[in-house]
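J.: Dropping a structure here in structure tokens format, bear with me for questions.
Read-outs: derived from the displayed coordinates by stated rules, not from any lab. Keep in mind that this is a model prediction, so the values were computed, not measured. Note that we place each Cβ from the backbone using ideal geometry, even for glycine, and neighbour counts take in every protein chain shown.
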Amino acid sequence: MNEKTSTARAHTNIALMKYWGKKDAALNLPTTSSLSLTLKEFYTDTMVTEGREDTLLINNLMQDPTRVHKFLDFLRAEKGDFPPLTVVSKNVVPTSAGLASSASSFAALTAAVAHYNDWDLSLEELSRLARRGSGSATRSFFPGFAVWHEGHDDQSSFAESLPESTMPIALVVCEVAKTTKKVSSSDGMQRAMTSPDYEAWVAKSHEQFDVMQAALAANDLETVGAIAEENALAMHALNMSATDRRFTYFSQMTIDIIAFVKELRKQGFLAYATIDAGPNVKIITRQDQAEEIKEKALASFRKLKVEIATPGPGLSYIEENDFADEALKINNEI
Ligand code: PMV
């Protein structure tokens, strides 16, 4: 076995305009384009090296490699064969943040595999491939704001960077203490598509997309926040109105924080809420108001954990790392 390794770092991203539904499940083509902010504070480092079989270690713990193995087989079929890989991943997400890491994980994995195999691929091409692992991963290759174009076929559905922005945006990430029963994002969006309001959400999202992009270009954070909140709350309303097993990711505290955000606006803060496939709330605000909002949130809610996140960089490759020993350990164990 050769000891060549390749390590990539991808930061996580939060959608300001959500991906919530597939028009083609096999190709992972979304029903809408989505728009996100990459976060500096949260990222995943992933190293790959040859192994005896495809294996996965995250934060020092062996994981079920089924999803990763399936994705690696997709890459083999698409780009050419490569040996079984040991995948060693570290999620650098403050444990309190409670952020999903599939976006940064699949972006880092796609890049590490491409680098390992000396495939010379553009970021757009990496994004297109990562889509098949996790839709939100398409956007984690790019710094700051990124757009995933829904596209109409395999070739046309990938993300790219929006022009560099100086917008002083911050997210106050609130992890609520109690989690509701988990519904995976794939299952959740499939159920949401059975809502009688689904088509209207898609049509509205297309409209909001243009307004959001214009607001970004004009540095209009107020409009960006307002649209993001409207888009996210309408997405969650779809879950609640699904005709197939309606559900919600909200807990009581999610609802209370949404009300708290409205109250912040009354007090003159720039504050809007966005929520993903879980009960946590991310408050969109200005960097100079983030600390005060964090303090107010901590004072208002018992057991709430809060982190401030700011715009982050795009994909990078890491030359020096401490993963090799761990990989060797796994290879010796199996
Ligand atoms: O890519 P997935 O399967 O993790 O789905 C992401 C879904 C949301 O986070 C709720 C929205 C989004 O666009 O990131």
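J.: Treating the angle as unsigned and between 0 and 90°, give the value, to the nearest 10°, between the Cα long axis of helix 287-300 and the longest Cα principal axis of the chain.
T.: 80
J.: Okay, next question. For Lys70, give me every one of the lysines with a C-alpha distance below 16 angstrom, ignoring sequence neighbours fewer than eight places off in its own chain.
T.: Counting by Cα, and skipping residues close in sequence, Lys70 has these lysines nearby: Lys79.
J.: Could you rank the peptides 202-213, 121-132 by their average count of other C-beta atoms within 10 Å per residue, with the highest value first?
T.: The most tightly packed comes first, giving 121-132, 202-213.
J.: Then there is this: Taking 7 Å along the Cα-to-C-beta vector as the label spot, tell me the Asn60-Glu295 distance in nanometres, rounded to one decimal.
T.: With each label placed 7 Å out from Cα toward Cβ, I get 3.6 nm.
J.: Right, next: At 222 nm, what value in deg cm²/dmol follows for the chain if DSSP H runs of at least 4 each add -39500 (n - 2.57) and the sum is divided by all its residues, to the nearest 500?
T.: -12000 deg cm²/dmol
J.: Hey, another quick one. Sorted by mean Cβ packing within 10 Å, highest first, what order do the peptides 235-244, 55-64 take?
T.: Values: 235-244: 17.9, 55-64: 14.6.
Final packing ranking: 235-244, 55-64.
J.: I've got another one for you. Under a plain spin-label model, where a point goes 7 Å from the Cα along Cα-to-Cβ, how far apart in nm are Ser156 and Glu53?
T.: Rounded to a tenth, the inter-label distance reads 4.1 nm.
J.: What do you get for the angle between helix 198-217 and the principal long axis of the chain? Use alpha-carbon atoms, 0 to 90 degrees, nearest ten.
T.: Result, in degrees: 90.
J.: Let me ask something else about it. Contact order normalised by length for the chain, with contacts defined as Cα pairs under 8 Å and 6 or more residues apart; what percent is it?
T.: Numbers: 717 pairs, mean separation 81.4, N = 334.
Reported relative contact order: 24 percent.
J.: Full-extension gain between Ala259 and Ala218, please, as 0.36 nm times their residue separation minus the C-alpha to C-alpha distance.
T.: Computed gain between Ala259 and Ala218 is 11.9 nm.
J.: Set the bar at 28 Å for Cα to Cα. Now go through Lys182/Lys303; Lys204/Lys294; Lys23/Lys262; Lys4/Lys90; Lys22/Lys204; Lys90/Lys305 and name every pair that lies beyond it.
T.: On the way: Lys182/Lys303 20 Å; Lys204/Lys294 31 Å; Lys23/Lys262 34 Å; Lys4/Lys90 19 Å; Lys22/Lys204 16 Å; Lys90/Lys305 21 Å.
Flagged as over cut-off: Lys204/Lys294; Lys23/Lys262.
J.: Evaluate the relative contact order of region 169-309 (contact order divided by residue number), counting alpha-carbon pairs under 8 angstrom at least 6 apart; express in whole percent.
T.: Relative contact order for region 169-309 comes out at 42 percent.
J.: Here's a follow-up. Just to compare against my own numbers: the Cα pair-distance distribution for the chain, 10 Å bins, whole % per bin, please.
T.: Histogram of Cα-Cα distances, whole percents per bin: 6, 26, 34, 24, 9, 1, 0.
J.: Can you tell me the dipole magnitude for region 138-199 around its Cα centre, using point charges on the Cβ only (Lys, Arg +1; Asp, Glu -1), in Debye to the nearest 20?
T.: Charge dipole, region 138-199, about its Cα centre: 500 debye, nearest 20.
J.: Against the longest principal axis of the chain, how steep is helix 221-241, in degrees 0 to 90 to the nearest 10, with axes from Cα atoms?
T.: 80
J.: What does the charge add up to near Thr310, with Lys and Arg as +1, Asp and Glu as -1, over the other residues with Cβ less than 14 Å from its Cβ?
T.: 0
J.: Let me ask you something else. Name all residues of region 221-236 having a backbone nitrogen under 16 Å from the label point set 7 Å from the Cα of Thr166 along its Cα→Cβ direction, giving them as ranges.
T.: Those under the cut-off are 221.
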